[in-house]
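The values are calculated or read from the model by the stated rules, or taken from the named source; none is laboratory data. Fair warning: this is a prediction, and the values are worked out from it, not measured in the lab. Every residue, glycine among them, receives a Cβ derived from its backbone with ideal geometry; neighbour counts consider all protein chains shown. Side chains are part of the model used for accessible areas, which takes the heavy atoms of the whole protein and leaves out ligands, DNA and RNA. Shrake-Rupley method; radii C 1.70, N 1.55, O 1.52, S 1.80 Å.
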Amino acid sequence: MLVVATSGTGFVLGSGAAVDLSGLCYTCAGTMMVAASASSLNQVFEKNNDAKMKRTMQRPLPSGRITIPHAVFWASSVGLVGTALLASKTNALAAGLAASNLILYAFVYTPLKQIHPVNTWVGAVVGAIPPLLGWAAASGQVSLNSMLLPAALYFWQIPHFMALAYLCRNDYAAGGFRMFSLTDASGQRTAAVALRNCIYLIPLGYLAYDWGVTSKWFCLESTLLTLAISATAFSFYRDRTMHKARKMFHASLLYLPVFMSGILFHRLSDNDQHCTTDSELDTTAELASSFQGNRDADRKKNRGTHGRPPVAYASVAPFPFLPAPSYAPS
């Protein structure tokens, strides 16, 4: 449901002045199906691991409530239907992002959990894609502004899962998972990684305002919210106890819904999506040519009056990106 919420938020942000409610429903439904498929495949692959962990041993597969063929059939069916729904009711870009994220989660992140602690950073990329999917479903494109919410999701997940991995490290060790906290007996590096990524969240509110996505009030509210979660991360860094880790974990649970509510409440419906189209380029060239050709005639005609200055036309066509993982030394 968290994945669906972030995807829906991305859809609204990418919709401009009018939100297509039917498109929003199709996007959320398709996202939910693909997310269910990915989660089901994850539990198929980790059935034996889940059976060894207290927090997962009661899941449907390790508890024996359903069989593996049942789970595989369900995961395959719902994943195909969800991807097809996104392709038919939104666009191919959104469907491609959904399918790619399913593969990344089930077939890269899931096995990586038993191989290397970098799995947390790969998982953060997985979590950052749903809001991008939502934006793409609404606008049919990926632009600079569309990266704000994915960046927030990426950086937010690091302190969230670092706190969880620290609180449940004995359980993760019993399950055979290679979490970052298991290679950090003192917890210092775990806390440092969490704090660093909290700090990375601070500029996002200003960028949302500077890029015309939200009003200036969101800049203030986002900064205060991020400083609050950063304070819990700093407290955990100074005093690495279960109590401090739990406080940071609870702060992370509060941060995301408040951040998404704020960005929706303060969004500007006519924000510039920072994309350049061929027609815009042609219009710019025509205006420049017209201005150049008529400059002398305008000067003679309007001699003695103040001519209007030329209009500067600029466009930004960024290469789509996701924040790169920051690998901690082992």
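Write down the accessible area per residue of region 26-143 in Å², having rolled a 1.4 Å probe over the full set of protein chains.
43
Would you please state which residues of region 1-28 a label at Ser39 would reach in this model, taking the label point 7 Å out along Cα→Cβ and a backbone N cut-off of under 17 Å?
Taking a point 7 Å out along Cα→Cβ of Ser39, the residues of region 1-28 whose backbone N falls under 17 Å are 1-9, 28.
Among the listed pairs Lys216/Lys247; Lys52/Lys113; Lys54/Lys113; Lys47/Lys247, which are separated by more than 26 Å between their Cα atoms?
Over 26 Å apart, Cα to Cα: Lys216/Lys247; Lys47/Lys247.
Ignoring ligands, DNA and RNA, please state the percent of accessible area on region 74-188 from carbon and sulfur, probe 1.4 Å.
Answer for region 74-188: carbon and sulfur cover 65 percent of the accessible area.
Measuring from label point to label point, each 7 Å out along Cα→Cβ, what is the Val118 to Met1 span in nm?
Inter-label distance under the simple model: 3.5 nm.
Efficiency by 1/(1 + (r/R0)^6): what FRET value for Cys25 and Asp210, r their Cβ-Cβ distance, R0 = 45 Å, to the nearest 0.05?
Efficiency, rounded to the nearest 0.05: 0.90.
Give me the one-decimal nm value for the distance between modelled label points at Ser269 and His70, 7 Å along each residue's Cα-to-Cβ direction.
That separation, rounded to one decimal, is 4.8 nm.
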